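Single-structure report; data block below.
The values are calculated or read from the model by the stated rules, or taken from the named source; none is laboratory data. Given the structure is predicted, the values throughout are model-derived calculations rather than measurements. FYI the Cβ positions are ideal-geometry reconstructions off the backbone, even for glycines, and counts take in every protein chain you see. Areas reflect the complete protein model, heavy atoms only, side chains present, ligands, DNA and RNA absent. Shrake-Rupley method; radii C 1.70, N 1.55, O 1.52, S 1.80 Å.
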Amino acid sequence: MKDIQILLVDDEERFVQNLGKLLKAREYDVFSASDGARAIERLKEEKKIDIVVLDVCMPGIDGLETLRRIKEHHAAIKVLMLTGRATMEDGVQALRLGAFDYLQKPFDIEELTTKIETACRVERIRRRPVMWPRRKAGDILLTGLYQLLPEDTMSRAMMIFRRYSAGEGVRILFVVDDHYYMQGILSRDDLLSELRRRYPEEAVTWRWVMCHPEHLLDIAVDEFMQREISAVSLYTPLSEAAQLMLSHGWDSIPVVFEDRVLGIVRLRDTLRHLQGNDEIIAKSS
């Protein structure tokens with residue numbers, strides 16, 4: 001998607017410069033601000049900003065207060081929050097104040113661009129009343145996932161990553177056996193690290209992996225996956241599920257019953273349902 005104008009707001013100058021170069025190389029128009037006050041001024045100067053990529057932790061006016069002021073005066077602008085200090089409270093508060101999504105550092109540039117284009121493709125998310133309060137993982141369970149087996153080749157894993165990327169993108173896939181018992185996880189970050197080790201002469205990014213599937217076609221998923229597994233039950237409180245995902249840096253987590261995977265819950269969905277339940281947040285603090 002071309003003609004998207006992005007405002008990067010972060011007090012780390014080198015981070016902003018490097019991220020700006022990567023986004024400009026993908027044909028985005030990029031502006032920057034070093035703090036919240038300057039970001040507000042930039043939005044007054046640049047009338048066509050589509051996306052604000054905003055760090056949570058900044059001196060002076062922090063990211064959450066900057067977000068509040070942006071949404072107060074520029075409600076249609078989508079805001080993606082960045083953080084290197086992931087907490088459930090910050091994530092819930094960001095979504096409560098109107099952020100479109102919440103992304104943990106470090107992240108892959110393709111993950112950010114997927115979120116940017118998703119934000120520009122849909123209408124601004126509005127709060128909707130729910131018929132009943134969602135408090136447990138089973139209340140927001142997503143089923144119908146692609147089955148990925150340990151013996152499957154990486155060509156199937158890449159197909160699944162690619163299909164998910166057509167929507168909002170995922171950072172991990174969950175590996176199961178024929179009966180849907182959990183076997184491990186396949187992480188984009190782990191995969192990139194291993195490929196960088198194997199191909200030190202290449203500039204390995206997620207885009208490079210997608211463009212060069214021949215490097216992975218015959219390798220079994222079992223060779224790349226982690227066997228350390230975290231999961232939640234149908235009855236796990238949403239606050240606990242969110243804390244687990246944030247601690248692992250995951251965007252989703254499997255829901256199991258008698259050790260079989262029933263589906264997943266997503267961090268974004270979990271935080272959205274938590275945002276309206278101050279009692280849950282207070283108990284988890």
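Things worth noting here:
- Mean separation of Cα contacts under 8 Å, 6 or more apart, over the residue count of the chain: relative contact order %: 17
- Simple label model, 7 Å out from Cα along Cβ direction - E45 to E65, nm: 2.2
- Here the Karplus relation 6.51 cos²θ - 1.76 cosθ + 1.60, evaluated at θ = phi - 60°, turns the backbone of region 93-100 into coupling constants of 5, 4, 5, 4, 7, x, 5, 6 Hz, with x for every Gly and Pro.
- Bridges between two residues of the chain, per DSSP, are antiparallel at a rate of about 45%.
- Within the shell of other residues whose beta carbon sits under 10 angstrom from the beta carbon of V232, the net charge comes to 0, with Lys and Arg scored +1 and Asp and Glu -1.
- Helical contribution to [θ] at 222 nm, DSSP H n ≥ 4, -39,500 (n - 2.57), averaged over the chain, rounded to 500: -11500 deg cm²/dmol
- Here is the list for region 184-261: GluC sites (Glu not before Pro) lying in DSSP coil, each with at most 13 other C-beta atoms within 10 angstrom of its C-beta, are E201, E202, E228, E258.
- Normalising the average separation of contacting C-alpha pairs (under 8 angstrom, six or more residues apart) by the number of residues puts the relative contact order of region 7-61 at 48 percent.
- Among M88, H215, L246 - extreme Cα towards positive end, dipole of the chain, charges at beta-carbon: M88
- Cα centroid separation, region 5-33 to region 176-236 (Å): 29
- Across all directions, the shadow cast by the convex hull of the chain built on its C-alpha atoms averages 15.5 square nanometres.
- Stretching the chain fully between Y146 and E228 yields a gain of 27.5 nm (0.36 nm per residue, less the alpha carbon separation).
- Averaging Cα coordinates gives a centre for region 77-124 and one for region 39-70; these two points are 13 Å apart.
- Fraction of accessible area attributable to carbon and sulfur, the chain (%, probe 1.4 Å): 49
- Members of K21/K71; K44/K115; K47/K71; K48/K78; K44/K105; K47/K78 lying beyond 22 Å, as alpha-carbon distances in this model show: K21/K71; K44/K115; K44/K105
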